[in-house]
Amino acid sequence: MTQNKKIDLRIVRTKQSIRKAFYDLIQEKGYEAITIQDIADRAIINRNTFYLHYQSKPDLLDTCIHELLSDLKDAVILCPIGMNPYSIAAVESVMYTVLDHISQNMTFYHAMLIDENRIYQFHIKMESMIKDKLNEGWNPPQGNSAISKELLLEYLVTSFMGIVLWWIRNDKPLPAEEVSVQFSKLVAYGHLKADVGNQPGNKE
């Protein structure tokens with residue numbers, strides 16, 4: 001049992017080294033320019049060790065994307081969404097969960113979403129996942145809204161991803177909790193009214 005545990009830990013550490021090297025290299029030179037030898041050299045392993053864990057560079061990329069988005073989805077799926085996903089509580093909960101997860105994996109998300117050599121397929125898959133979550137359980141009565149559901153959802157998801165990218169690009173300039181609260185107010189009240197509480201002379 002102890003021997004198996006040691007072997008498992010060695011495998012985990014090797015995979016972590018490979019992925020860390022991969023993320024760093026994406027930031028430095030872009031995915032297309034990276035070779036298996038580059039990854040092996042940076043991770044201080046040989047090529048054979050790389051191939052013990054991944055079939056190819058695309059396999060490594062797909063695995064990284066799948067596992068990170070799966071972890072994010074597992075976290076986001078626990079966020080409570082009622083019949084109105086555009087309520088302050090719902091949007092705030094999803095935003096905080098996403099930012100908290102990103103904070104624990106900043107190197108990866110920076111490489112995937114921000115850098116000049118970012119991976120566009122990751123952005124598309126992440127955006128799709130957020131859209132599915134925010135659309136969950138929302139079935140507004142037909143004909144009772146002045147704005148189409150599709151347009152509202154697209155507006156919300158685009159704004160959501162814009163805030164996420166801003167937060168990563170600027171190295172978390174505000175705490176995740178504060179960003180989540182402010183974004184939920186923007187969604188609930190619109191940008192013209194969201195800051196009304198801070199205006200001189202305003203009273204509750």
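Derivation of every value follows stated rules applied to the coordinates shown; laboratory data play no part. Given the structure is predicted, the values throughout are model-derived calculations rather than measurements. Glycine gets a Cβ as well: all are built from the backbone with ideal geometry, and neighbour counts include every protein chain shown.
Tabulated data for the structure shown
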{"quantity": "Additional length obtainable on full extension of the chain from ASP59 to LEU153, 0.36 nm per residue less Cα span", "calculated": "30.6 nm"}
{"quantity": "Prolate/oblate/rounded call for the range 20-134, Cα gyration tensor, a/c under 1.5 rounded", "calculated": "prolate"}
{"quantity": "Pairs from LYS73/LYS172; LYS15/LYS133; LYS29/LYS73 whose Cα-Cα separation, in the structure shown, is over 23 Å", "calculated": "LYS15/LYS133; LYS29/LYS73"}
{"quantity": "Distance (nanometres) between label positions extended 7 Å along Cα→Cβ at LEU165 and GLU67", "calculated": "2.7"}
{"quantity": "Set of aspartates and glutamates with alpha-carbon distance to LYS185 below 17 Å, sequence-local pairs under 8 removed", "calculated": "GLU92, GLU177, ASP195, GLU204"}
{"quantity": "The range 15-56, Rg to Rh (Cα coordinates; Rh as Kirkwood inverse mean 1/r)", "calculated": "0.92"}
{"quantity": "Theoretical gain in end-to-end length, ALA188 to LEU9 [0.36 nm per residue, Cα-Cα removed]", "calculated": "59.8 nm"}
